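Shown next, in structure tokens, is the structure this report addresses.
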């Protein structure tokens, strides 16, 4: 799924989610091969988000959450990788639950592997992509625990003014858990994910409009999902001779059929602070 936000039940140790996410991310990075560590470029950032209208299963109340995200993207000789790790803290309306969620993806560039650059006016490259989603939630009554494997292709488009515009076309293998049991969605479907970054300026101020949207097909007992997280960022550091370092902005989160649960919809703005290095 997303650059964001999900969740195992039956574990109360503070170390449980951290070790689980670390193991998942270690596996993804190992699958990328040693070339991943000889990066031609790398971007790392820490994000802080806050919203007060999150929705949870079997909970009629709006929930407030603070989210800290570590995110990195890098390119190497044969392709690129991307991962993020979310740490989430709910307020009392969600029993002060803590969550950890991670996604990791590795992509191999067909143009680089074959040594033949794409000459299409609109397509820059086509990549073979594999990914893993993993989540944990410390909750006394239930826990939504994403476990998803993905594989397919990523198309890099060549669009004017965009820093990038990509489309993932992936097979989606759901092995998630709910309250320690099969979530009823152990099945296969598809995931389509456009992701983009569009920088622009207004006077001396620099901004970017960026984000992604996941479109996940119906599978098992899970309904069709849409998860979108567009961000509007203002480059604050640019006004202090430290451009591309500190951003303020807003992220809007829309999740139709959250966790695949029919009728559970999340729609809220989130305050955003980003430190990039």
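The values are calculated or read from the model by the stated rules, or taken from the named source; none is laboratory data. This structure is a prediction, so every number in the text was calculated from the model and none was measured. When we count neighbours, we look across all protein chains shown, and the Cβ atoms used for this are built from the backbone with ideal geometry, even at glycine.
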Candidate set: segment 62-90, residues that are more than 20 Å from the chain's Cα centre (by Cα) and at pLDDT below 95; chosen: the one surrounded by the most Cβ atoms within 10 Å (Cβ to Cβ): 76
Looking across segment 91-104 at residues that are surrounded by fewer than 17 Cβ atoms within 10 Å (Cβ to Cβ) and part of a loop (DSSP other than H, G, I, E, B), the single one that is farthest from the chain's Cα centre (by Cα) is 95
What is the one condition in (1) outside any loop (DSSP other than H, G, I, E, B); (2) more than 20 Å from residue 265 (Cα to Cα); (3) in contact with a helix residue (DSSP H, G or I) (Cβ under 8 Å, 6 or more places away or on another chain) that residue 63 does not satisfy? (2)
Just one listed residue, out of 119, 111, is part of a helix (DSSP H, G or I) and closer than 17 Å to residue 158 by Cα, and it is 111
Exclusive hit being in contact with a strand residue (DSSP E or B) (Cβ under 7 Å, 6 or more places away or on another chain) and modelled with pLDDT of 95 or more, set 226, 202: 226
All strands (runs of 3 or more DSSP E) inside segment 188-277 with 3 or more residues being surrounded by fewer than 18 Cβ atoms within 10 Å (Cβ to Cβ) and more than 19 Å from the chain's Cα centre (by Cα): 188-202
Would you check if there is a residue in segment 150-157 being crowded, with 16+ Cβ neighbours inside 10 Å and farther than 26 Å from residue 210 by Cα? no
Within segment 148-176, can you find the residues that are in a strand (DSSP E or B) and within 13 Å of residue 220 (Cβ to Cβ)? 148, 172, 173, 174
Out of segment 128-147, which residues are within 20 Å of the chain's Cα centre (by Cα) and either over 22 Å from residue 258 (Cα atoms) or part of a loop (DSSP other than H, G, I, E, B) (or both)? 128, 129, 130, 143, 146
